[in-house]
Each structure stands twice: as structure tokens, then as C-alpha cells.
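I have placed the structure first, in the form of C-alpha cells, so that the comments after it can refer back to it.
Only the coordinates and a few stated rules stand behind these numbers; no lab work does. Source: prediction; values computed, not measured. When we count neighbours, we look across all protein chains shown, and the Cβ atoms used for this are built from the backbone with ideal geometry, even at glycine.
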Amino acid sequence: MPRAILCILDSVGIGGVPDADKYGDVGANIFGHIAEWAAVGKADRAGLRSGPLHVPNLDALGIGAAIQLSTGILPPGLPVSAKGGRFGVSREVSNSKDTPSGALGNRRRIGAI
């Protein structure tokens with residue numbers, strides 16, 4: 001019997017919503033900024049990590065493509081295509097910033113591959 005695993009990465013930060021200016025979130029993209037810093041060596045820590053962001057499982061599931069769909073920008077070192085997963089991004093349709101009021105029931109999907 002086929003199986004599906006649904007993994008929702010809430011609050012991971014892969015881009016702001018169109019009305020981000022209302023909430024002080026213009027340019028929000030935590031995951032993308034981490035990838036940018038890692039690509040230029042700002043995330044290097046002696047004995048801990050160095051070089052570009054290396055997240056092969058999230059790469060395969062399409063994290064780079066999801067960030068590009070959400071922001072229009074592909075972070076350095078992340079592939080544009082999913083190898084084995086499917087992904088989507090959503091936008092809040094409520095006017096509240098907290099997670100419970102923006103829960104899945106108050107979101108609409110804007111794209112998926």
C-alpha cells in the first residue's frame with residue numbers, strides 16, 4: 001500500500017507574504033539567509049561546520065524550489081528541483097500574525113510542484 005509522509009515546516013521562514021510591510025517582515029527569509037551566509041563563509045565555525053549549507057534530505061524534498069516559489073529567489077547551493085518529494089507554499093488569509101490564527105484552515109495554497 002502506498003504511503004505519504006506530510007511534513008509541515010511552520011515558522012521555518014522561507015519568505016514573507018505580500019503584506020509583510022504591515023507586520024515589519026519585509027525581506028523575511030530565514031532559511032534563505034542562512035544559505036546565503038553559509039555560501040560566503042559567514043556561517044563557518046571552527047570544529048563545527050564550514051562551507052555551503054548542506055541539507056541533502058531537504059534538498060531532495062524541494063526546499064530550494066519552495067523558497068524560490070515563495071520569494072522569487074533561489075538561495076545559493078540549493079537546487080531548484082525536488083528529486084523525490086512534493087512541496088507547496090501557502091499564504092495567510094487572516095489578518096493575524098500568530099500561528100494559531102494563521103493555521104492551515106486560514107491559509108490558501110499558492111503553488112505546488
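Points to keep in mind about this one:
- Compactness of region 1-100, taken as the C-alpha radius of gyration over 2.2 N^0.38 Å, stands at 1.18.
- Cβ crowding within 10 Å averaged over residues, with 57-65, 6-14 ranked highest first: 57-65, 6-14
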